[in-house]
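A short write-up of the structure that comes next.
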Amino acid sequence: MTTEAFDSDSQYDGMPFGLYIGGSLVYVGGTYNKIYAFQGTGNSESYKFTTELPAYDVATGKWDQPTTFPYDYVGWGADAVYVSSVGTQGSIFVSNVAYSSTSSYGLRFFKYDIAQNKWSRMADKPWISYYGGCVVYDGNDTIYSLRGNSSTGFAKYAISTDTWTDLTPT
């Protein structure tokens, strides 16, 4: 991706880059009114793509300059969710996934504070996420996550305590 794709004098009908495996969009309403885009990555470690996170401004119809994801890349099967409560006003949580079913990179979980333009690594998930891994926010203090890769992995994350509980059936 080039900075020309974010020229403030340009209008785009689509994204300034393509989405790949793990690509994800997150809508952030309220005063932000933006759609954040994660590009995802290809199917091997050597096939990584951008670590930039651009935002589409719904009001202006233009893409903002991207923030940089400082932790390598957002991989395939990754997912993200916006959380607007529990002391995290304006944060996007990102559940990353591995480029292989044994890579510890798939344990990682991140938070992006929109107002401060700051990334933080949070507590690792209880297992490695892979294809089909996803997250959802309950509107209170909990984010739920599916492991993906045809597994029964299921867990919940307590935002206020930065802790995971494995809910996988035994």
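The values are calculated or read from the model by the stated rules, or taken from the named source; none is laboratory data. If you're wondering where the values come from, they're calculated on a predicted model, not measured in any experiment. When we count neighbours, we look across all protein chains shown, and the Cβ atoms used for this are built from the backbone with ideal geometry, even at glycine. Heavy atoms of the whole protein, side chains included, go into the accessibility calculation; ligands, DNA and RNA do not. Shrake-Rupley method; radii C 1.70, N 1.55, O 1.52, S 1.80 Å.
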Quiz prompt | Verdict on residue 80 being part of a loop (DSSP other than H, G, I, E, B) and at pLDDT 80 or above | solution = no
Quiz prompt | Filtered residues of the stretch 134-166 (kept if modelled with pLDDT of 90 or more and assigned to a loop (DSSP other than H, G, I, E, B)) | solution = 138, 141, 159, 160, 161, 162
Practice problem: Give the residues of the stretch 108-158 that are of a type in the set (Lys, Arg) and crowded, with 18+ Cβ neighbours inside 10 Å, sorted by residue number. | Solution: 108, 125, 147
Self-check item: Options 97, 86; residue that is at pLDDT below 65, in a loop (DSSP other than H, G, I, E, B), aliphatic (A, V, I, L, M) and open to solvent by 30 Å² or more (accessible area, probe 1.4 Å)
Solution: 86
Quiz item: In the stretch 54-66, which residue that is modelled with pLDDT of 80 or more and either in a strand (DSSP E or B) or in contact with a helix residue (DSSP H, G or I) (Cβ under 6 Å, 6 or more places away or on another chain) (or both) is least open to solvent (accessible area, probe 1.4 Å)?
Solution: 55
